[in-house]
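K.L.:
Before anything else, here's the structure in question.
The values are calculated or read from the model by the stated rules, or taken from the named source; none is laboratory data. Just so we're clear, the structure is a prediction, and the values are computed from it rather than from any experiment. Cβ coordinates were reconstructed from backbone atoms using ideal geometry, including for glycine residues, and neighbour counts include every protein chain displayed.
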Ligand SMILES: Cc1ncc(C[n+]2csc(CCOP(=O)(O)OP(=O)(O)O)c2C)c(N)n1
Ligand SMILES: [Mg+2]
């Protein structure tokens, strides 16, 4: 298992959007049906990499996200594979009903690849920090929702999304984050990956919280608490089997996501556990509040999204687990 | 009190100073709007810094919310809050958000940042004045790239339909957006014809000419039955030579050295006056 992880604290940090730009160029070489659309944010979303390599297959739609999704749907009806990009807030928020009725409902092969998700957007502030995009996308029938944790996984997720037939939402970030995975890491839509094992509690995370989960697991193990860490990049379809397996093995679960605790990973895991195998659960995430301007690091701290918060959460579910076993 | 030209120059200096302190933000579209904002806040609009929520005040909506620095500078110079606060723009826990927040910043009438929303909300405010028979006016600053959003045209249609002649939109026509010149990214021309066809009174001015701006605002005030748009031809980054007409200065803050050079230019004299 160890070979899945690189020596991540020593690696250079890379933003997932950087990997997106590179993956698009690779896809463009391999498949002439790949077309890319952006809404005046090509340099930020990194679709500019593709635009440079394949100018005939790149379309800047201007600041018009709804129309961008409509165009993408139209392109998809003829067999093209459009990747449409903007910041997560505008891609999923502004164009929500286009995604719902022109992409998800007719199950068209459109890939919505959004960057600048979450509060790690930083200084631009609450208006630009999507904390609800996953809830929006997850609630749509036919939609696949991917939240890669690092550059390696992003590349694999983008290639998997292109190979998959149907609508996919891929969530990426602005901030440079640790590279966690080796090239041997196997990304499969619908599969969660156990990346560390321990019997006391399970931490299920995605996005930039996976690195925080690994950090938390390391510090906890120094305190004699051994945790399983699950990378749940495929938010939908959700890997219920793996979630239930780690819940049964540990009897205590913490979820960690850079999203509102309503509607994202925490909710999805709670839904599975409460129906099939209830165990003490703590959801680390944004506590139903909008973000604000500030440095990404300070905001992650302020909004409770660090390894320290995960450690606290693990201790709280462990306490509840032990209470329960005392009663029994 | 300084004249409007001088005020515009002070506002430009504030913009540079606060962006350098914040180390992020949008200089180009803030500088292009400095003269427009100076005219609005220092000769046109009826506002009271002592009473920011005064119900009879004129409203201002910065639809191109990323130009928050130009608005914050004007509000600070006008006395809505102390000027020192500008140095804490975009810092964690501080009230001056990267994009305007009506619940945090005194004098901000609408939270904006997602392009296209502002003009629609401004039209709603203007409709409320009609319903209540009030004489306040609603001013809205729109970006030219922003005018690519469909909602801008939905709002344009509805504002004309409801004869919102108390609504005044100024289009900061600097010709640039993020990915390049507007005409290359998504051509909008002929803009004046489009607005006319949507039922608006259309005025075209030099957006850095204080007299023209002031005179056109007067014309708009006396115009009955239609909303007015002033298409203000501007230069993105205006007043700082190395930022002028440079797409790269849309969303990058100047370094300390660049800020020093910019401030020297802005303080230096009448080049842009
Ligand atoms: C709905 C939406 N899409 C994208 C953005 C990102 N964005 C911020 S500014 C900008 C370009 C704006 O160009 P323009 O309106 O011409 O502004 P100006 O040149 O005056 O700065 C873009 C695309 C946004 N803020 N809102
Ligand atoms: Mg512009």
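K.L.:
Just give me the residues in the stretch B:71-95 being away from chain A (no Cβ under 13 Å) and either at pLDDT below 95 or in a loop (DSSP other than H, G, I, E, B) (or both), in sequence order.
P.N.:
B:79, B:80, B:81, B:82
K.L.:
Any idea how many residues of the stretch A:42-66 are touching a residue at least 12 places away in the same chain (Cβ under 8 Å) and within 12 Å of chain B (Cβ to nearest Cβ)?
P.N.:
The number of residues fulfilling the criteria is 15.
K.L.:
Take residue A:69 and decide whether it is under 20 Å from the mean Cα position of the chain (by Cα), within 16 Å of ligand 1 (Cβ to nearest atom) and in a helix (DSSP H, G or I).
P.N.:
Here the answer is no, as residue A:69 does not meet what is asked.
K.L.:
Follow-up. Can you give me the number of residues within the stretch A:104-119 that are within 14 Å of another protein chain (Cβ to nearest Cβ) and on the phi > 0 side of the Ramachandran plot?
P.N.:
Adding up the residues that qualify gives 1.
K.L.:
Right, something else. Would you tally the residues in the stretch A:43-65 being buried (at least 24 other Cβ atoms within 10 Å of the Cβ), more than 16 Å from ligand 2 (Cβ to nearest atom) and closer than 25 Å to residue B:63 by Cα?
P.N.:
Residues flagged as buried (at least 24 other Cβ atoms within 10 Å of the Cβ), more than 16 Å from ligand 2 (Cβ to nearest atom) and closer than 25 Å to residue B:63 by Cα within the stretch A:43-65 amount to 2.
K.L.:
Any residue in the stretch A:88-103 that's at positive phi and without any contact (Cβ under 8 Å) to a residue 40 or more places away in the chain: show its pairings with residues that are within 16 Å of ligand 2 (Cβ to nearest atom) and part of a helix (DSSP H, G or I) at Cβ separation under 9 Å, as long as the two are six or more apart or on different chains.
P.N.:
Nothing qualifies.
K.L.:
So which of A:268, A:252 ends up being assigned by TED's automatic domain parsing to the domain that holds residue A:197, crowded, with 23+ Cβ neighbours inside 10 Å, farther than 18 Å from residue A:133 by Cβ and modelled with pLDDT of 95 or more?
P.N.:
A:252
K.L.:
Of all the residues that make up the stretch B:29-70, how many are away from every other protein chain (no Cβ under 14 Å) and in a helix (DSSP H, G or I)?
P.N.:
Matching residues across the stretch B:29-70 total 15.
K.L.:
Would you call residue B:184 farther than 19 Å from residue B:152 by Cα, touching a strand residue (DSSP E or B) at 6+ places or on another chain (Cβ under 7 Å) and within 14 Å of another protein chain (Cβ to nearest Cβ)? Give the derivation first.
P.N.:
Working: farther than 19 Å from residue B:152 by Cα: yes; touching a strand residue (DSSP E or B) at 6+ places or on another chain (Cβ under 7 Å): no; within 14 Å of another protein chain (Cβ to nearest Cβ): yes.
No; evaluated as a whole, the condition is false for this residue.
K.L.:
Please work out which one of (1) buried (at least 24 other Cβ atoms within 10 Å of the Cβ); (2) more than 11 Å from every other protein chain (Cβ to nearest Cβ); (3) assigned to a loop (DSSP other than H, G, I, E, B) is the condition residue B:112 fails and give its number.
P.N.:
Exception for residue B:112: condition (2).
K.L.:
Okay, moving on. Within the stretch B:225-245, track down each residue that is within 14 Å of ligand 1 (Cβ to nearest atom) and without any contact (Cβ under 8 Å) to a residue 40 or more places away in the chain.
P.N.:
Correct list: B:244 only.
K.L.:
What number goes with the only condition from (1) under 16 Å from residue B:238 (Cα atoms); (2) in contact with a strand residue (DSSP E or B) (Cβ under 9 Å, 6 or more places away or on another chain); (3) away from ligand 1 (no atom under 14 Å from the Cβ) that residue B:215 does not pass?
P.N.:
Looking at each condition in turn, residue B:215 falls short on (1).
K.L.:
Sticking with this structure for a sec: Any residue at all in the stretch A:216-228 that's within 14 Å of the chain's Cα centre (by Cα) and at positive phi?
P.N.:
no
K.L.:
Taking the stretch A:77-97, which residues are more than 12 Å from chain B (Cβ to nearest Cβ), touching a strand residue (DSSP E or B) at 6+ places or on another chain (Cβ under 8 Å) and surrounded by fewer than 24 Cβ atoms within 10 Å (Cβ to Cβ)?
P.N.:
A:80, A:81
K.L.:
Give the residue that is farthest from the chain's Cα centre (by Cα), with candidates limited to residues of the stretch A:111-138 that are more than 16 Å from ligand 1 (Cβ to nearest atom), buried (at least 24 other Cβ atoms within 10 Å of the Cβ) and within 23 Å of residue A:23 (Cβ to Cβ).
P.N.:
Residue satisfying both the conditions and the ranking: A:111.
K.L.:
Then there is this: Those residues that are under 30 Å from residue B:21 (Cβ atoms), without any contact (Cβ under 8 Å) to a residue 24 or more places away in the chain and touching a strand residue (DSSP E or B) at 6+ places or on another chain (Cβ under 9 Å), I need them from the stretch A:290-328; list them, please.
P.N.:
Answer for the stretch A:290-328, where residues must be under 30 Å from residue B:21 (Cβ atoms), without any contact (Cβ under 8 Å) to a residue 24 or more places away in the chain and touching a strand residue (DSSP E or B) at 6+ places or on another chain (Cβ under 9 Å): just A:304.
K.L.:
Only one of (1) more than 13 Å from chain A (Cβ to nearest Cβ); (2) farther than 21 Å from residue B:12 by Cβ; (3) touching a strand residue (DSSP E or B) at 6+ places or on another chain (Cβ under 7 Å) is not met by residue B:130, so which one is it?
P.N.:
Among (1) more than 13 Å from chain A (Cβ to nearest Cβ); (2) farther than 21 Å from residue B:12 by Cβ; (3) touching a strand residue (DSSP E or B) at 6+ places or on another chain (Cβ under 7 Å), the lone unmet condition for residue B:130 is (3).
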